[in-house]
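Peer 1: I'd like to ask you about the structure that follows.
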Amino acid sequence: MRLNVNGQAYEADVEPEMPLLWALREFIGLTGTKFGCGIAQCGACTVHLDGEAVRSCSMPVSAAAGKRVVTIEGLSRDSSHPVQKAWLELDVPQCGYCQSGQIMAAAALLAKNPRPTDKDIDEAMTNICRCGTYQRIRAAVHIAAGTGKGGGSIIHMAADGAGADSVVAAADQTTNA
């Protein structure tokens with residue numbers, strides 16, 4: 001099977017029905033794409049296939065033949081992609097397991113919709129984060145998009161340079177509501 005992964009050609013001697021995820025991890029050695037559920041629900045295995053975010057755990061490697069596959073390792077060599085920079089700025093991950101898939105989903109969203117609303121983000125970001133970092137994820141997508149939207153998020157306030165007193169006051173309002 002001939003694959004183009006992160007701009008490099010690979011020959012993988014695998015069965016056509018093997019999930020793309022396993023070809024990437026086991027035969028090519030790119031382990032940034034994670035196995036989560038195996039049924040295309042959680043999104044930890046998200047990669048780009050010709051620019052579209054796809055779940056690689058349930059996609060046969062034969063579906064990727066002749067197409068461009070981009071993994072988290074290929075998004076940027078030095079974490080300089082705007083989504084990666086925003087993730088670092090807001091310290092999005094907790095356990096971090098799902099984050100490569102989250103980043104790939106966010107990058108695909110922004111490639112199609114460079115100025116997403118909260119609703120756009122919520123509809124496009126269907127990956128599961130068991131740590132519940134959804135507010136940080138949404139805030140990071142807005143930062144990567146350059147929208148400067150606070151969206152009511154305390155995390156956004158901090159990222160937008162609000163002083164600690166403002167962030168604490170907003171947190172108090174949220175918890176006392």
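Peer 1: Identify the single condition in (1) farther than 17 Å from Ile128 by Cβ; (2) out of contact with any Gly (no Cβ under 7 Å at 6 or more places or on another chain); (3) not polar (S, T, N, Q) that Glu73 does not satisfy, given that it satisfies every other one.
Peer 2: For Glu73, the exception is condition (2).
Peer 1: Looking at (1) open to solvent by 40 Å² or more (accessible area, probe 1.4 Å); (2) within 25 Å of Tyr10 (Cβ to Cβ), which is the one condition that is false for Tyr134?
Peer 2: (2)
Peer 1: Which ones in region 1-51 are in contact with a strand residue (DSSP E or B) (Cβ under 7 Å, 6 or more places away or on another chain) and in contact (Cβ under 8 Å) with a residue 60 or more places away in the chain?
Peer 2: Across region 1-51, the qualifying residues are Arg2, Leu3, Asn4, Val5, Asn6, Thr33, Gly43, Thr46, His48.
Peer 1: Ser80 versus (1) within 27 Å of Tyr10 (Cβ to Cβ); (2) free of Cβ contacts under 8 Å to residues at least 60 places away in the same chain; (3) open to solvent by 30 Å² or more (accessible area, probe 1.4 Å); (4) in a helix (DSSP H, G or I): which is the lone unmet condition?
Peer 2: Of everything listed in (1) within 27 Å of Tyr10 (Cβ to Cβ); (2) free of Cβ contacts under 8 Å to residues at least 60 places away in the same chain; (3) open to solvent by 30 Å² or more (accessible area, probe 1.4 Å); (4) in a helix (DSSP H, G or I), Ser80 misses just condition (4).
Peer 1: Out of (1) outside any helix (DSSP H, G or I); (2) open to solvent by less than 50 Å² (accessible area, probe 1.4 Å); (3) under 29 Å from Glu26 (Cα atoms), what's the single condition that is false for Pro116?
Peer 2: Just one mismatch for Pro116, condition (3).
Peer 1: Hey, another quick one. Which of the residues spanning region 23-53 are out of contact with any helix residue (DSSP H, G or I) (no Cβ under 8 Å at 6 or more places or on another chain) and surrounded by fewer than 24 Cβ atoms within 10 Å (Cβ to Cβ)? Please lay out each step first, then the result.
Peer 2: Restricting attention to region 23-53, the residues satisfying the condition of being out of contact with any helix residue (DSSP H, G or I) (no Cβ under 8 Å at 6 or more places or on another chain) are 24-29, 37-41, 50.
The answer is Arg25, Glu26, Phe27, Ile28, Gly29, Cys37, Gly38, Ile39, Ala40, Gln41, Asp50.
Peer 1: If you go through region 20-66 one residue at a time, how many are polar (S, T, N, Q) and closer than 17 Å to Asn6 by Cβ?
Peer 2: 4
Peer 1: State the number of residues belonging to region 83-99 that are touching a residue at least 40 places away in the same chain (Cβ under 8 Å), open to solvent by less than 20 Å² (accessible area, probe 1.4 Å) and assigned to a helix (DSSP H, G or I). If you could, list the steps in order and put the result at the bottom.
Peer 2: Step one: list which residues in region 83-99 are touching a residue at least 40 places away in the same chain (Cβ under 8 Å), which gives 83, 85-87, 89-93, 97-98.
Filter once more, keeping what is open to solvent by less than 20 Å² (accessible area, probe 1.4 Å): 83, 86-87, 92, 98.
Cutting the leftovers down to assigned to a helix (DSSP H, G or I) gives us 83, 86-87.
Matching residues across region 83-99 total 3.
The values are calculated or read from the model by the stated rules, or taken from the named source; none is laboratory data. Everything quoted here is computed from the prediction, not taken from an experiment. Here Cβ is always computed from backbone atoms with ideal geometry, including for glycine, and neighbour counts include all displayed protein chains. These area figures cover heavy atoms from the full protein model, side chains too; ligands, DNA and RNA do not enter into them. Shrake-Rupley method; radii C 1.70, N 1.55, O 1.52, S 1.80 Å.
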